[in-house]
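Contents: one structure, followed by commentary.
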Amino acid sequence: MGLLVLLGLDVLRPHLETRADVLLRNREVFERWRRLGLNYMFLGMEALGAEGLDLFRKRVSPDDNFRALEVAREIGLTVAINLIVDPQWDTAQFRRVREWALSVPEIVHLTVMTPYPGTEIWHTESRMLTTRDYRLFDIQHAVLPTRLPLREFYRELVKTQAVLNRKHLGTAALAKTARIVGGHLLKGQTNFARMLWKFGRIYNADRQFAEHAETVRYELPVPEQHEVAPRDRNQLYVHSVGRRKAGD
């Protein structure tokens, strides 16, 4: 919901998050939801190429992702797309993402690849964590080694986020957003209006880089590494799963 608010969408109206394969298998369900008032959808495409999808353990192909996007357009849904930034991206990859994001009408949002306890990549990611500082596991910091120098990585990340931000705060977008802002202001709600033009305070490459040097107050545990996904799915739970007793 936070992303949809940030991008000026009316979150008081129905919206949902889904994956490409779910949409493709259940088109008729989404069409019915659209008739019932569904307007906005958050689609986790995650990567533009097959290599990135495999890295993020996404069991879907790039073709499926693009077909799902076409289906959403045909149904008449407003889509917000999420792409995962691999810390191994170089300047050329950031540039390709910027160019693609500007070529489509949809909202595009970036999150940094972040292994979390309870996910497959927490167990399978072969690159060693560069930090276990809990504060930095917010999908906007790099906690795995970066190909670019870390400060440069953040500058490319923020540069790309700024391009996407300007795309959706252009003249046409602002005209649509103004109606939403006006409605909030009439109700005395000013947070949304103030937030729209504070991009520089939210995304700041130098601040993000400096936060890596701050005192660590809480560290996540060291993940146990596996070459492949754990065969026992219970290994993906953060807490151990106890067996039920008879009668429970």
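The values are calculated or read from the model by the stated rules, or taken from the named source; none is laboratory data. Since the structure is predicted, the reported quantities are computational estimates derived from the model, not experimental observations. Please note: Cβ atoms are built from the backbone with ideal geometry, for glycine as well, and neighbour counts cover all protein chains shown.
Summary of values
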item	result
Check on Asp138, modelled with pLDDT of 60 or more and either in contact with a Cys (Cβ under 7 Å, 6 or more places away or on another chain) or crowded, with 18+ Cβ neighbours inside 10 Å (or both)	no
Those residues of the range 110-130 which are surrounded by fewer than 17 Cβ atoms within 10 Å (Cβ to Cβ) and not small (Gly, Ala, Ser), in sequence order	Thr111, Tyr116, Pro117, Thr119, Arg127, Met128, Thr130
Lone unmet requirement of (1) at pLDDT below 95; (2) crowded, with 18+ Cβ neighbours inside 10 Å; (3) over 16 Å from Tyr203 (Cα atoms) for Leu148	(1)
Hey, Gly44 assigned to a helix (DSSP H, G or I), closer than 24 Å to Gln161 by Cα and at pLDDT below 85 or not	no
Selection count, the range 202-230, where residues are exposed (fewer than 13 other Cβ atoms within 10 Å of the Cβ), polar (S, T, N, Q) and either part of a helix (DSSP H, G or I) or modelled with pLDDT under 90 (or both)	1
Residue list for the range 71-87, restricted to those being farther than 19 Å from Glu17 by Cβ and over 17 Å from the mean Cα position of the chain (by Cα)	Glu74
